[in-house]
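One structure is given below, encoded as structure tokens.
Please treat every number below as a calculation from the coordinates, not as lab data. Everything numeric here is computed off the predicted structure, so don't read it as measured data. Heads up, the Cβs are rebuilt from the backbone with ideal geometry, glycines too, and the neighbour counts pull from every protein chain shown.
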Amino acid sequence: MNWKILELARSIRDDEFLKILANDLDRAIVYIFEEKPTEYKFGPSIEILNLPRKLIEYLRSKGIERLYDFQWIAYQKVLEGKNVVIISGTGSGKTEAFILPLIKKVYDENSKALILYPTKALARDQYLRIKQYLQVIGLEIEVYDGDTPSEIRKRIYEKPPHFLISNPDMLHYALMYVDKFKEIVRDIDYIVLDDFHIYEGVFGVHVHYILRRLQRFNKNLQFILTTATIGNPDEFAKQIIGKEIDVVYGFTGRKGLVRHVLIKPIRRSKLIETAKIVEECLKFNKKCLVFADSHKIVEYIKKILDKYGYSRIVKVHRAGLTADERRKIEDGFRKGEIKALITTPTLELGIDIGDVDVAIMATIPPSFNKYLQRSGRVGRRGQISYVIQILSNDPISTYFENNPEDFYNRKPESIILDLQNDEITKVHLLAMTIDKPVKVSELNDFELELMNKLVELGLVNKVGSYFKPNERTYKFLKDIPGLRGGIDQIKIIHNGSCIGFRELPIAIKELHDEAIYLHGGQVFKVEHLDLTLRLAYVKKLPNNYEFITTPLYESTPKIVKVIEKRKAYNIPVLYCDLIIKECVYGYVVKKFLTNDMIAEKYLDRRIEYEFKTKGIVIFMPLIKFSGIEVLDYLERAKAYHAVEHALIYASQIGLGVGQTDVGGISYPTGHIIIYDAYLGGSGISKQIFYNLERIIGIAYKIVSRCTCFDGCPKCIYSPYCGNNNKYLSRRNAIKVFQSVLKGISSIESEIPVNIKAIV
């Protein structure tokens, strides 16, 4: 008897909603995981907090008579002056865990606090929530961001509020250009970073330096950080703030029963499947959120549901909408006028959108952290709720279809920042000189070396033991885009106006001549990419245009410096500074809905871009596949190319690496390079470096458990492959992985310069 199938049948039999989903023969319910309600541990009565009586009465009016245990622990630690990171599930009371002790300190001491949110939308949502606590006892709060009207800014400068809400982007510019804001910073005692897990990768490096710059004006800042999901909160928090920190663990469970469901469409696409499940939710009067990781997918699902007749009660929520449009949609969803929202990760964070019964993942989230954040939007009122993950025919879906327990038994991923990013550090070193002159003694060895290079380039002046700005400092920083994008970006021009940006190096793959580019739900074709001026000229196509393009490209690596060495199993691995030269020479035309290839075309001119980053070099054992040299060379090329694809897919499964976060290069000699697809590096390849044994194990499962002949979209084909998935062999990759797992050794050697790489 297959007890898993029996348990699946029981879950479906006892649940009317799941029964309806299972009755559709064009889908298969692969697995159901039940998340039981958590028993919340209570701490003392709110009377012990010794807060003003009016606030105590207000808390009681909201039904808060006692603190949760973790809130009481956090309260005491904040009052003791300790830096604290609070880890607790969505909707479990993290806001109260930091705002109540801060109210106590600010009220008693007449001090100031700064609360940072990663987005303006989240900041303004939380502003309304926090204001309710403050106004009953006469404490003031304001939002300080790019949308703050001039009269309110003037009021903030003249009479700083007790609490100020802002975001890292605003601080970056205000520290440089607003002297009155610098005066405010000197009087701030506490800084809160809510949802700080979002500060990963290059954005996290930016935020680290912004906080470093704040501390130049006030060294005694106390920090409170909060998040629902992260694997290494203490280590990551220390990297962000540069100080020791205490961790307070709250609840990881739910108030009500949550059923997590893996679903595989059988005779229809995942987009149609998503729309069909939304339709079932609407018939059951269940409010639902649909998450997808691209505007394109979100818009297509909306179009399908419009055809089904649900245009009035189903809306899209994504970047590109105005703040007023987003608020109108969110209000309509809260009130029940809108029953389903199709959204990009804009609703992944803690914006209060009311009661949600079902979260549908149209694409597999890039990390388990993000899955937990998105699934945390449901069941916040304690009702039975559902999280439905739709699988497809890609390697990651296939892996989890075959290993469903692995999907739900994962742990939140750790986040590691690589703070030695030349490009980002350069920006903030220059900004620091504008904030106020920088002493030589303030800089570590890495920063001092970089600052001296900036002096040589004439971007900053050295006067005695200080570094000071000059005219070129201001000009350089004026040309740098915001913190969210890359340091080097392409402007997208339509009818003479800039409609957006795309960071390099990925921009040459998406904005090369003749590329189809989706922006803000509209379809464009690139007429010309001018890399010298950093401009891409586009023309609009009909919104029902059904074709997409994927680039054909080559990558050439060069090791600049070896940072660290180790062995994984018995093979050498290097973590390095790299220079990558990427060259787009053509593209493939495909139908969007079916992914069928229509044509392979070549550009009249090659688009080249060279950049510095970080990555790993793996020296795989050299396997012999044939006694005939020419055939053996070809089979080795196919083997190591497939190994490279499998390792990147395994990194997505095991570490939550996004599909476009890294690039890969392989050689028939067994050299495999996996690099950060961001200028200066992002820390992602560093995580792969430290976890390579686990990644190899997952990669071996991917290639060994597929039933195809020698490679397919379910195991080693990649939509991001630079040569359209040519020269790949699943069976050859199995032999390479088996040799590694058996402990076959290999030797470190130079990357070949006279052999063409495969990407």
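A few notes on this one:
- Nonlocal amide H pairs with VAL438, under 5 Å, H built at 1.01 Å: PHE467
- Counting 0.36 nm for each residue step from TYR157 to TYR127 and taking away their Cα separation leaves a gain of 8.9 nm.
- A cysteine counts as unpartnered when no other cysteine's C-beta lies under 4.7 Å of its own; in the chain this applies to CYS498, CYS576, CYS583, CYS721.
- Qualifying trypsin sites (Lys or Arg not before Pro) in segment 277-334, where qualification requires a DSSP coil assignment and no more than 14 other C-beta atoms within 10 Å, comprise ARG312.
- Estimated purely from DSSP H runs of n ≥ 4, each contributing -39500 (n - 2.57), the mean residue ellipticity at 222 nm for the chain is -11500 deg cm²/dmol once divided by its residues.
- Cross-link pairs LYS62/LYS238; LYS62/LYS105; LYS370/LYS426; LYS238/LYS558; LYS612/LYS714 - those with Cα-Cα distance over 25 Å: LYS62/LYS238; LYS370/LYS426; LYS238/LYS558; LYS612/LYS714
- The aspartates and glutamates within cross-link reach of LYS19, meaning a Cα-to-Cα straight distance under 13 Å and a gap of 8 or more places when in the same chain, are GLU280.
- Remark: for residue pairs LYS462/LYS614; LYS475/LYS509; LYS591/LYS735, the C-alpha separation exceeds 32 Å in LYS591/LYS735.
- Three-way shape label, the chain, alpha-carbon gyration tensor, a/c 1.5: oblate
- LEU533/LYS36 FRET efficiency (R0 56 Å; Cβ-Cβ; nearest 0.05): 0.45
- Contact order for segment 644-719, expressed relative to its length and based on alpha carbon pairs under 8 Å spaced 6+ residues apart, stands at 34 percent.
- Here the contact order of segment 361-438, divided by its residue count and restricted to Cα pairs under 8 Å and six or more residues apart, works out to 28 percent.
- Values of log10 I(q)/I(0) for segment 42-249 across q = 0.08 Å⁻¹ run -0.25, by the Debye formula with one identical scatterer at each alpha carbon and no solvent.
- Between the listed residues LEU221, VAL316, LEU483, the Cα displaced farthest toward the positive end of the dipole of the chain, a dipole computed from Cβ unit charges relative to the Cα centre, is found at VAL316.
- Inter-site label distance for SER749 and SER45 at 7 Å from Cα along Cβ, in nm: 7.7 nm
- Spin-label proximity, LYS565 to segment 603-627 - amide N less than 19 Å from point 7 Å beyond Cα toward beta carbon: 615-622
- HN-Hα J in Hz across segment 750-758 - Karplus 6.51, -1.76, 1.60, θ = phi - 60°, x for Gly and Pro: 5, 5, x, 9, 9, 10, 6, 7, 10
- Pair ASP596, ARG53: separation of 7 Å Cα→Cβ label points (nm): 7.7 nm
- Placing a label point 7 Å from the Cα of LYS726 along the Cα-to-Cβ line, the residues of segment 545-584 whose backbone N sits under 17 Å from it are 550-556, 583-584.
- Cβ-Cβ distance of ARG605 and TYR633, R₀ of 45 Å, FRET efficiency by 1/(1 + (r/R0)^6): the value works out to about 0.90.
- Structural descriptor for segment 535-626: relative contact order 29 percent, calculated from alpha carbon pairs under 8 angstrom and at least 6 residues apart.
- When you filter the chymotrypsin sites (Phe, Trp or Tyr not before Pro) in segment 280-311 for DSSP loop state and at most 15 other Cβ atoms inside 10 Å of their Cβ, you are left with PHE284, TYR308.
- Under 5 Å from the amide H of CYS712 lie the amide H atoms of TYR717, each residue being 5 or more positions distant or on a separate chain, with H modelled from the backbone and absent for Pro and chain starts.
- For segment 221-231, 3J(HN,Hα) per residue [Karplus equation, 6.51 cos²θ - 1.76 cosθ + 1.60, θ = phi - 60°, Hz, x = Gly/Pro]: 5, 9, 10, 10, 10, 9, 6, 9, 9, 5, x
- Sequence of THR398, THR346 once ranked by neighbouring C-beta atoms within 10 Å, starting from the fewest: THR346, THR398
- The calculated FRET efficiency for LYS243 paired with TYR545, based on their beta-carbon distance and R0 = 51 Å, is about 0.45.
- Amide hydrogen neighbours beyond the local backbone of ARG27, cut-off 5 Å, H modeled: ILE266
- Think of each Lys and Arg Cβ as +1 and each Asp and Glu Cβ as -1; about the Cα centre, that makes the dipole of the chain roughly 960 debye.
- Inter-centroid distance (Cα atoms) of segment 227-274 relative to segment 631-707, Å: 24 Å
- Counted charge near LYS686, where neighbours are those whose Cβ lies closer than 9 Å (Asp, Glu -1; Lys, Arg +1): -2
- Inverse mean reciprocal Cα-Cα distance (Kirkwood Rh) of segment 489-541, Å: 10.5 Å
- Part-to-part distance (alpha-carbon centres) for segment 32-69 and segment 389-430, which is given in Å: 34 Å
- Using the Karplus relation 6.51 cos²θ - 1.76 cosθ + 1.60 with θ = phi - 60°, the per-residue 3J(HN,Hα) values for segment 22-35 come to 6, 6, 7, 6, 8, 9, 10, 7, 7, 6, 10, 10, 9, 9 Hz, with x marking Gly and Pro.
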